[in-house]
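Beneath this line is the structure, given in structure tokens, with notes to follow.
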Amino acid sequence: MAEHHESDAATVATAAAAHVVDPAAFLPFALPDIDEAEIEAVVACLRSGWVTTGPATRQFEQDFKAYLGGEVETISVNSATAGLHLALESLGIGPGDEVIVPTLTFTATAEVVRYLGAKPVFVDVEPEHMNLSIEAVEAAVTPRTRAVLPVHYAGLACDMDALLALARRRGLRVVEDAAHAFPTRYKGRLVGTLDSDITVFSFYANKTMTTGEGGMVVTRDAELARRIRLMRLHGISQDAFNRYVSRTPAWYYEVVAAGFKYNLTDIASSIGIQQLRKIDRFWQRREHLARRYHEALAGLPLQLPPLADTENGSTHAWHLYVVRMAPEAGMGRDELILKLSQRGIGTSVHFIPLHRQPVWRNSCELSASQFPVAEACYERILSLPLYTKMSDADQDRVIATLRELLA
Ligand SMILES: *Cc1c(COP(=O)(O)O)cnc(C)c1O
């Protein structure tokens, strides 16, 4: 054991000597942007004595709704995963149903389908944006298909016009996994206000804004919103639950469905209110960093991520800046990740396609040959550091290191 530790220490010492990396200077791939405003808001919440769902959560939902233009209903939840589950539940998805999801996403997108006893049907992505392929969706539709769950990969919207047209033609519901897409515009309209049934945002720690853990479900449909609110908190009927307006005694409530425990706390919402106030500034910073990467990395053996079509009013949220290594890079993706890490730069891979994950590969009998585009992308993708707290100098270090390794 002692020997093992010593050799570990020796390895670290050698690596540090070779590259002169100060461990304190490690540049992570993502970091939340929290400052005194969030800290004071959380302290105020704690001092108020109301820490679970209450006035701050109501305020956060109203502020989010206002940001989206006020025409939608906003239902906060304790994660986007919970929100996706509630969204599909409200649409009546259940055993025997199929829901189409892209393979290049986080496992949450598929697991919520399984929560309801339905079957996730995985489809390939298209090579340019790595969003789900509309042709692949079309080919995957069966008489059992009830819904499609598109993911706006990295923060650039899917071809929603084509997807919604297909959904209308084939009688499918659409739930947008917008975990990467706040704020994203699609042809001038914010994701969350498009013509899908439901949109779900994530406030996980590395997303474009955070509440620690949290999410927001957005819909125009009042009936769906009512069901989602009900199931968010144990299936306790709202009328009885709302003690402020109810004429029944405060202890009385009715449970009308076997619901879930997916409510967002006021502690989290206090953070969310402050983050939302800064979201446009956050977005501008991300946009600035993405453009700098674009300029500085041109000419290296890297395929740079697609830009939004600003001509038609689309924008990119830049949750992720995903580059693809060109065949002439002289090293593989795994080697580049390792070398960047040895030089104190964190990166990540979004995503290991779900058809490669044991649970989905085995339960849905998937093979790599069914997903040639995602397979080809997966071999070559890596996500570079991109977050609002990253300085231009931090980014220059990433750029210089990439030049050193690849030029
Ligand atoms: C982060 C993420 C989720 C899950 O969000 P949580 O808020 O952590 O539940 C779902 N889908 C995608 C594509 C994500 O990146």
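For segment 350-404: of the residues being part of a loop (DSSP other than H, G, I, E, B), out of contact with any Asp or Glu (no Cβ under 9 Å at 6 or more places or on another chain) and not polar (S, T, N, Q), which is surrounded by the fewest Cβ atoms within 10 Å (Cβ to Cβ)?
Taking segment 350-404 and keeping what is part of a loop (DSSP other than H, G, I, E, B), we get 350-353, 357, 364-367, 371, 385-391.
Those still in the list that are out of contact with any Asp or Glu (no Cβ under 9 Å at 6 or more places or on another chain) too: 350-352, 357, 364-367, 386, 390-391.
Now restrict to residues that are not polar (S, T, N, Q): 350-352, 364-366, 386, 390.
Working: His350: 19, Phe351: 24, Ile352: 13, Cys364: 15, Glu365: 8, Leu366: 18, Leu386: 22, Met390: 21.
If we take residues in segment 350-404 being part of a loop (DSSP other than H, G, I, E, B), out of contact with any Asp or Glu (no Cβ under 9 Å at 6 or more places or on another chain) and not polar (S, T, N, Q), then Glu365 is surrounded by the fewest Cβ atoms within 10 Å (Cβ to Cβ).
Mind checking whether some residue in segment 271-280 is buried (at least 18 other Cβ atoms within 10 Å of the Cβ), within 14 Å of the ligand (Cβ to nearest atom) and either of a type in the set (Asp, Glu) or assigned to a loop (DSSP other than H, G, I, E, B) (or both)? No, every residue in segment 271-280 fails to be buried (at least 18 other Cβ atoms within 10 Å of the Cβ), within 14 Å of the ligand (Cβ to nearest atom) and either of a type in the set (Asp, Glu) or assigned to a loop (DSSP other than H, G, I, E, B) (or both).
Residue-by-condition table, conditions (1) touching an Asp or Glu at 6+ places or on another chain (Cβ under 9 Å); (2) within 15 Å of the ligand (Cβ to nearest atom); (3) closer than 21 Å to Asp221 by Cβ:
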residue: Glu36; (1), (2), (3): no, no, no
residue: Leu46; (1), (2), (3): no, no, no
residue: Gly54; (1), (2), (3): yes, no, no
residue: Ala66; (1), (2), (3): no, no, yes
residue: Gly70; (1), (2), (3): no, no, yes
residue: Glu73; (1), (2), (3): yes, no, yes
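When you scan segment 141-151, do you find a residue that is touching a Phe, Trp or Tyr at 6+ places or on another chain (Cβ under 9 Å), under 23 Å from Val323 (Cα atoms) and in the same structural domain as Val217 (by TED's automatic domain parsing), even just one? Break it down into steps so the answer makes sense when it comes.
Keep residues of segment 141-151 that are touching a Phe, Trp or Tyr at 6+ places or on another chain (Cβ under 9 Å), which gives 151.
Going one step further and asking which of them are under 23 Å from Val323 (Cα atoms), we end up with 151.
Then drop every residue that is not in the same structural domain as Val217 (by TED's automatic domain parsing), which leaves 151.
There is at least one residue in segment 141-151 that is touching a Phe, Trp or Tyr at 6+ places or on another chain (Cβ under 9 Å), under 23 Å from Val323 (Cα atoms) and in the same structural domain as Val217 (by TED's automatic domain parsing).
Can you find, within segment 69-86, the residue that is farthest from Gly54 (Cα to Cα) among those that are of a type in the set (S, T, N, Q) and part of a loop (DSSP other than H, G, I, E, B)? Filtering first and then ranking leaves Ser79.
Any idea which residue in segment 165-177 is nearest to the ligand (Cβ to nearest atom), counting only those that are within 21 Å of the chain's Cα centre (by Cα) and free of Cβ contacts under 8 Å to residues at least 60 places away in the same chain? Walk me through how you get there before you give the answer.
Keep residues of segment 165-177 that are within 21 Å of the chain's Cα centre (by Cα), which gives 173-177.
So of that shortlist, the ones also free of Cβ contacts under 8 Å to residues at least 60 places away in the same chain come out as 174, 176.
On the way: Val174: 15, Glu176: 11 Å.
So the residue we want is Glu176.
Of the residues in segment 193-204, at least one is charged (D, E, K, R), more than 15 Å from the ligand (Cβ to nearest atom) and without any contact (Cβ under 8 Å) to a residue 60 or more places away in the chain.
Taking the condition of being of a type in the set (D, E, K, R) and within 18 Å of Pro120 (Cα to Cα), how many residues in segment 350-407 meet it?
The qualifying residues number 3.
Total residues in segment 104-118 satisfying the condition of being surrounded by 22 or more Cβ atoms within 10 Å (Cβ to Cβ) and away from the ligand (no atom under 12 Å from the Cβ): the figure is 1.
Identify all residues within segment 205-228 that are charged (D, E, K, R) and more than 14 Å from the ligand (Cβ to nearest atom); write none if there are none. Listed by number, the residues that qualify are Arg220, Asp221, Glu223, Arg226, Arg227.
Identify, from the list Gln274, Gln303, the residue that is over 21 Å from Ala205 (Cβ atoms) and polar (S, T, N, Q). Explain how you work it out, then say what you get.
Details: Gln274 fails: over 21 Å from Ala205 (Cβ atoms).
None of the other options fit; the residue is Gln303.
Return the residues of segment 141-156 that are closer than 17 Å to Asn312 by Cβ and more than 13 Å from the ligand (Cβ to nearest atom); say none if nothing qualifies. I'd like the intermediate steps shown before the answer.
Within segment 141-156, the subset closer than 17 Å to Asn312 by Cβ is 152, 155-156.
Across segment 141-156, there are no qualifying residues.
When segment 327-348 is filtered for residues that are surrounded by 15 or more Cβ atoms within 10 Å (Cβ to Cβ) and either more than 25 Å from the chain's Cα centre (by Cα) or not polar (S, T, N, Q) (or both), the ones remaining, listed by number, are Ala329, Arg333, Leu336, Ile337, Lys339, Leu340, Arg343, Gly344, Ile345, Gly346.
The values are calculated or read from the model by the stated rules, or taken from the named source; none is laboratory data. This is a predicted model, so every value here is computed, not measured. All Cβ positions, glycine included, derive from the backbone under ideal geometry; neighbour counts span all protein chains shown.
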